[in-house]
Amino acid sequence: MPVLSGRAEPRRAPAVLDSNDARIHKRAVRLTSKGRYAVRALFHLAYHPDEPAQMKAVAEQTRIPLRFLEQIFHELKHAGLLVAKRGPRGGYRLARASSQISLGDVVRALEGSAFALTRAEERDRGRDPIATTFVELAHAVERSFDAISFADVCRTAERMGVPRRPRGSLSRAARGEKPSASRDEEGPEYAI
């Protein structure tokens with residue numbers, strides 16, 4: 001055992017996975033901040049569908065930096081997941097019913113496929129049991145993301161007791177007021 005600072009340190013076991021395997025593991029289930037923020041923002045729109053939401057209000061209520069949300073909404077609009085309406089009663093809405101938009105749709109819209117496999121992984125599928133296992137795992141994860149719609153996420157929020165904003169009530173940001181120090185007035189923070 002190596003000795004550091006006068007104490008014996010336990011010897012670490014060698015890594016089981018080589019660097020190529022470690023990259024495959026991360027790729028199969030990793031979601032970027034951009035992806036997480038997009039899911040949070042679309043959940044907010046799905047959970048409060050009565051009126052178009054202004055971007056500033058969504059940013060405030062979901063605690064997503066406004067500049068980052070602008071980029072995300074631009075990409076989601078381009079991908080056909082959001083629609084925007086201009087004017088004083090304008091804002092953003094889901095382009096389709098929340099039951100018709102999956103978590104997989106959002107991830108693919110922003111990141112291509114977060115479940116993408118390298119040519120080598122696809123080439124080795126069927127010849128290498130490890131590569132085959134990881135390819136199958138990546139496809140299973142993608143199917144899992146596709147199987148969960150925003151309507152499903154909304155049902156989960158209802159079961160958890162997450163309050164919906166009363167119909168017709170606008171956030172402080174939507175009313176042009178400064179954000180409050182208390183989160184209780186504006187509803188929950190979505191921690192995904």
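For region 111-153, the set of residues classified as at pLDDT below 80 and assigned to a loop (DSSP other than H, G, I, E, B) consists of Gly112, Ser113, Ala114, Phe115, Ala116, Leu117, Thr118, Arg125, Gly126, Arg127, Asp128, listed by residue number. Of the residues making up region 59-79, those that are outside any helix (DSSP H, G or I), within 11 Å of Tyr37 (Cα to Cα) and not β-branched (Val, Ile, Thr) are Arg63, Pro65. Criterion applied to Gln61, Gln100 was being of a type outside the set (A, V, I, L, M, F, W, C), within 25 Å of Thr156 (Cβ to Cβ) and modelled with pLDDT under 95, and the one residue passing it is Gln61.
The condition (being touching an Asp or Glu at 6+ places or on another chain (Cβ under 8 Å) and not aromatic (Phe, Trp, Tyr)) is satisfied by just one residue among Leu76, Leu94, Leu81: Leu81. Restricting attention to region 17-40, does a residue exist that is buried (at least 18 other Cβ atoms within 10 Å of the Cβ), touching a Phe, Trp or Tyr at 6+ places or on another chain (Cβ under 6 Å) and modelled with pLDDT of 90 or more? Yes: region 17-40 contains one or more residues that are buried (at least 18 other Cβ atoms within 10 Å of the Cβ), touching a Phe, Trp or Tyr at 6+ places or on another chain (Cβ under 6 Å) and modelled with pLDDT of 90 or more. The residue pairs whose first member lies in region 93-108 and is free of Cβ contacts under 8 Å to residues at least 40 places away in the same chain and under 17 Å from Asp50 (Cα atoms), whose second member is of a type outside the set (Val, Ile, Thr) and part of a helix (DSSP H, G or I), and whose beta carbons are closer than 9 Å, counting only pairs six or more residues apart or on different chains, are Ala95/Leu76; Ala95/Lys77.
The residues on offer are Gln71, Gln100, and the sole one that is surrounded by fewer than 21 Cβ atoms within 10 Å (Cβ to Cβ), within 20 Å of Leu31 (Cβ to Cβ) and under 18 Å from the mean Cα position of the chain (by Cα) is Gln71.
The values are calculated or read from the model by the stated rules, or taken from the named source; none is laboratory data. On a predicted model such as this, the values are computed, not experimentally measured, just so you know. Quick reminder, even Gly has a Cβ in these numbers, built from the backbone with ideal geometry, and neighbours come from all protein chains shown.
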